[in-house]
C-alpha cells in the first residue's frame, strides 16, 4: 500500500439523540424515558466534531471528511445533514438497538481499520446516556493516543497539539497521529446548513452497513432495571423586595 | 470476594478530595454487599501512581476503610496521562472485582481506556450503590435516574459522582506497598503544559456559590454587574446559553445540559428565564435564587427564593445591603 497516495482522511463518529431542547420524561411504569414522537437530532458535541473536521479540511490539512454513525435505519436524515455541513461521505452502520460504549467502540474500530483515518473525532459524550466512554475506548482498542474534552486542536505533520478542558484549567497535550480527539463545547461553533448544500448532500455517497457484517453486537452487559424521575424540586418562596431577599439569604447563611 | 481498587487523583503532592469520596463509595459497597457486617469480605485498596517517594501514598493510607495502598512507581507518572496510566491500572486491576475513580475530568478520561483494556463494562457517574452488582446513575443530564445491574462475576469499572458521596475520614493507618509496573507504556502522548483556569475567581464546576447572568443583561458590558456581585460573595460566574449565544459571556461559562452541570450550595440566576436545558444544569444546587422581571418565568418553578423585578435595580441594592452587613 502506498500511503503517500492515500487521501488524508478524518473519520467523525456521530450519534442521534433526543434533541437538547426536549424535556425528557420518564415513563410511568419505570421502563425508560418517553421517546415516541420526540424530536431527535445529532448529539450537540458530535456536531462540534463534524465542524472541527471540516475546518481542518478547509485549512488544507485533510482531503476527506467521512461521517459514521451506528443507528436505526431511519437515522439517514441526520447523516444527510452532516453531509450538508460539508462532509464528503457517510457510513451508516444499521443497528436497531443501542450499543453499549465498548461494543460501539469495537464497531468503530472496524470502520477505522477500513478507512485508515489519521484522525478520529467524536463528541466527548452523548447527551442521552451521558456515558463519556466511546472515544477513550476506541483509542485503547486502536492502541493510539486520545485527547479528550478538546477546546483547541492544532495539527502539524505527524502530531496534533490539543488543548483540553480539565478541572484544573486548560491542559495541552501533544499526540502522535493517528489519534482520537473528543470535543468539548468550547472547541467551535458549528455552521448553519444552507439550502443549496442540503440539495447537494442528497447525492453524496452514503453507505449502509449491517451491524452483523462487522461482527458487531449490542453488548448488553449493563442491564437497566428501572428508570425513575429525579426527586422533584419544590417551588420556594417569593420575596417582595431586595431587603427581604437579602434578609432571607442572610438568615440562611448564604451571604 | 469483593475487592475494590480506588485510583487516586492527585496533583502537586496532594491527594484530591475526590479520592476520599471514592473510598467512601467503596465502603458503602462493602456495607451493601454484606449488610450488618461492615467491611467483612471486602478489601479496599488505593492505587497511587507516582514517580516514587510521593507524600500522596501516606495521605491515602490515612483514609478510613483502606486496607492497603499500592504506590505504583514509574518515571512516566510525572504527568497523570490516561494513555500511560491505563496500562498500569489495567495491570494492577487484574486482581480486583471493582475499579473506582472519581467522575472528574481525570477519571472520565482514564477509566474508559482502562475498561477497554480489561474488556469490562463501565458505569459512569455512579450516584448510589445498592450492592456489589447494582448501582444507580443519572442519564439525560440528571433528568432520569437509572438502576443498573451487572451479572455477578463481571469485573466492573466505575466513575463515582463526587457530589453524591461524603469524603472518608482520615483516621486510618494502612500499609503502603511499592510496585513497579511491567506493562509497556506508550510514548505517543506527551504533556506540554497546564494553564490554571479563571484567575482569582473560583472554578465554576466546583464552586460553592455560583452567580449566572442571562439574556436580560442585554450586553457584555452589563455583565460586569454579575462579576461585581460574584466577587463580593466569592462566587464563580456562569451564564445561560442565551447570554453566551448573544456574546455577553464566553462559551466556557455556559451552565446547562450542553455546558457545565453544577451542584453548588448557592445558585443565583439573574435575568435567566429558565429554559429546560439550563434547568437541567442546576437542578442539584442546594439553594436556587431567581431574579427576573417576568413573574411567569419557568425559573421561579424551581427557585427556593424568587424576586420579581428589574435586575439593574435589585443587584446594586443587594450589593449595598451586603456591604452594610459587613461594617
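What follows is calculated from the coordinates using simple rules that are stated; it is not laboratory data. It should be emphasised that the depicted structure is a prediction, and the values quoted were computed from it without experimental measurement. Cβ atoms come from the backbone with ideal geometry, glycine included; neighbour counts cover every protein chain shown.
Report the residue, chosen from A:46, A:241, A:129, that carries the largest GNM mean-square fluctuation when chain A is represented by alpha-carbon nodes joined by springs under 10 Å. In the Gaussian network model the winner is A:241.
Set the Förster radius R0 to 30 Å, insert the Cβ-Cβ distance between residue B:163 and residue A:96 as r into 1/(1 + (r/R0)^6), and round the FRET efficiency to 0.05. The value I calculate is 0.25.
Three semi-axes describe the equivalent ellipsoid of region B:40-86; taken as square roots of 5 times the Cα gyration tensor eigenvalues and ordered largest first, they are 22, 12, 7 Å. Rg then Dmax, both in Å and based on the Cα atoms of region B:1-129: 13.7, 43.
For chain A, the longest principal axis of the C-alpha atoms and the axis of helix A:44-58 are separated by about 40°.
The Rg/Rh ratio of region A:1-151, with both radii computed over alpha carbons and Rh defined as the Kirkwood radius, is 0.98. Summary value for chain A: 23 percent relative contact order, contacts being C-alpha pairs under 8 angstrom separated by 6+ residues.
Annotation for residue B:75 and residue A:220: the two label points, set 7 Å from Cα along the Cα-Cβ direction, are 4.9 nm apart.
Set against the 2.2 N^0.38 Å expectation for a compact globular protein, region B:67-216 has a Cα radius of gyration ratio of 1.22. Semi-axes of the equivalent ellipsoid for region B:174-327, computed as √(5λ) from the eigenvalues of its C-alpha gyration tensor and ordered from largest down, come to 36, 18, 16 Å.
For the pair residue A:191 and residue A:74, the difference between a 0.36 nm per residue extended length and the Cα-Cα distance amounts to 39.7 nm. Rg/Rh for chain A stands at 1.06; both radii use Cα atoms, and Rh follows the Kirkwood definition. Against chain A, whose longest principal axis comes from its Cα atoms, helix A:76-85 is set at around 80 degrees. One equal scatterer on each Cα of region B:78-161, no solvent, Debye formula: the resulting log10 I(q)/I(0) at q = 0.20 Å⁻¹ is -0.89. Considering all C-alpha pairs of region A:186-255, those separated by over 14 Å amount to 83%.
Between A:239, A:193, A:38, find the one with the highest GNM mean-square fluctuation for chain A; connect C-alpha pairs within less than 10 Å. Maximum among the listed residues: A:239.
In terms of its Cα atoms, region A:126-203 spans 41, 34, 27 Å along the principal axes, sorted from long to short. With all pairs of different C-alpha atoms in the average, the Kirkwood value for the hydrodynamic radius of region B:137-194 is 17.3 Å. For chain B, the share of alpha carbon pairs falling in successive 20 Å distance bins from zero is 29, 49, 21, 0 percent. Summary of the geometry: region B:224-286 and region A:110-174, compared by the centres of their Cα atoms, lie 27 Å apart. Please work out the FRET efficiency for the pair residue A:23 and residue B:91, using the Cβ-Cβ distance as r and a Förster radius of 56 Å; give the result to the nearest 0.05. It comes to 0.80. Panel values: region A:72-162, Kirkwood radius from alpha carbon pairs, Stokes-Einstein at 10 °C and 1.306 mPa s, translational diffusion coefficient 108 µm²/s. Taking every residue in B:158-170 and counting other chain Cβ atoms within 10 Å of its Cβ, the average works out to 0. Among B:5-16, A:178-189, the peptide with the highest mean count of other Cβ atoms within 10 Å heads the list, and the full ranking is A:178-189, B:5-16. Could you give the angle, 0 to 90 degrees to the nearest 10, between helix B:105-118's Cα long axis and the longest principal axis of the Cα atoms of chain B? On a 0 to 90 degree scale, this one is about 40.
The orientation-averaged projected area of the convex hull spanned by the Cα atoms of the protein assembly as shown comes to 28.0 nm².
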